[in-house]
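This report concerns only the one structure given below.
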Amino acid sequence: MYIVERLRGRKRYPILVNGVRYTRCNNSYTTDYFLGKIKEELGDVILAKAIYAVSQHLEYYEDLRKTKLLQIREIRDRYSTQLATEDRAVYPDDLPTGSEYVEGKSKQILVNVYERNFEARTVCLKYYGHDCTVCGFNFEKRYGETGKGRIHVHHLVEISTIKSTYKIDPVKDLRPVCPNCHMMIHSKQPAHTLEEIKAILKSVASAT
């Protein structure tokens, strides 16, 4: 495989593939290249492990240096968003009113990830529709049939911070947001609120 031949002998490549934290910092170009090639040639399961390794490195390095690696964070978030949105064109049927939805169940897929409940997603979108709560963008209105059902669902409380199973209310706890707004919401830790991103958009619009 091309990626193995190109990266043979580079220590951080097998570390990424195995989802292990590394300490020496890759630059943003190298991080993007590694993740892109892993996605292309090794698939999404291995990509999830590589993203986990990058996240662990960010936590280590930023705590050590007391600085944010913003470009690498952006790259990590971009690939994470791709994993979260691919192969989700068909969603489960709506569940009856009054059902309980369990969110955040930790499951083992080579690495631990937090399980999103797509039944809860369906109920959220049934209630709020498919317009972005922040900017109003609608994929179907812009792209026609190809964009039908294409929208992210944002957790108002980040489930990665809860680290346990919890009951979720799809109406109170979830909101539809477009990928652009979703990325901006998570452009810092802790994440921006929806109101903060709306205020940023309003401020930029009024300045132009």
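Structure note, pairs Lys66/Lys202; Lys126/Lys148; Lys172/Lys198; Lys66/Lys188; Lys126/Lys167: Cα-Cα distances above 22 angstrom occur for Lys66/Lys202.
Nearest 0.05, what FRET efficiency do Asn18 and Lys202 give at R0 = 41 Å with Cβ-Cβ as r? Walk me through the numbers before you get to the answer.
Working: r = 45 Å, r/R0 = 1.10.
E between Asn18 and Lys202, to the nearest 0.05, is 0.35.
Since every read-out is calculated from the coordinates, none of them should be taken as a lab result. From a predicted model like this one, the values you see are computed outputs, not experimental measurements. Note that we place each Cβ from the backbone using ideal geometry, even for glycine, and neighbour counts take in every protein chain shown.
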